[in-house]
Amino acid sequence: MPATTVESFAKHAAIASLNAYQKHLSPRKGFSCPHRLLYGNESCSDYTKQVLINQDLRAALKLVPSRFQACKVAAQTLQRQQASSGCIVIPCCIPL
């Protein structure tokens, strides 16, 4: 199988997995993406889908881990902000 076919299949499989996650798992997990909550933009799963749609797989593999790291930092920031109210903030990127 040519590399472009493999890459295309991998991208489509990843996007389909993210769609399933967003439809079936995310609404039931009990928390929202800290990066989205803190900055008011797209969630990590939406970000990942957009990278996969608009860039090649190699770019996605480079960009997405840094986004998860940023989500971890956002979770820590929210945790500090909400510590007095007893809220628990969970990053999307467990266990990063």
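Would you mind counting up the charge near Cys33? Only other residues with Cβ under 13 Å from its Cβ, with Lys and Arg at +1 and Asp and Glu at -1. For residues surrounding Cys33, the net value is +3. With neighbours defined as other Cβ atoms within 10 Å of a residue's Cβ, the residues Tyr21, Tyr47 order from fewest to most as Tyr21, Tyr47. Taking the inverse of the mean reciprocal distance over all distinct Cα pairs, the Kirkwood hydrodynamic radius of the stretch 3-85 comes to 13.9 Å. Applying the Karplus parametrisation 6.51 cos²θ - 1.76 cosθ + 1.60 with θ = phi - 60° to the phi angles of the stretch 32-46, what ³J(HN,Hα) value in whole Hz is obtained for each residue in order, glycine and proline being reported as x? With coefficients 6.51, -1.76 and 1.60, one gets 10, 4, x, 4, 5, 5, 6, 9, x, 10, 6, 6, 4, 5, 5 Hz. Counting beta carbons within 10 Å around each of Ser45, Ser32 and listing the fewest first gives the order Ser32, Ser45.
Every number here is computed from the coordinates shown, using simple stated rules; none is lab data. Source: prediction; values computed, not measured. Cβ: placed from backbone, ideal geometry, glycine included. Neighbour counts: every protein chain shown.
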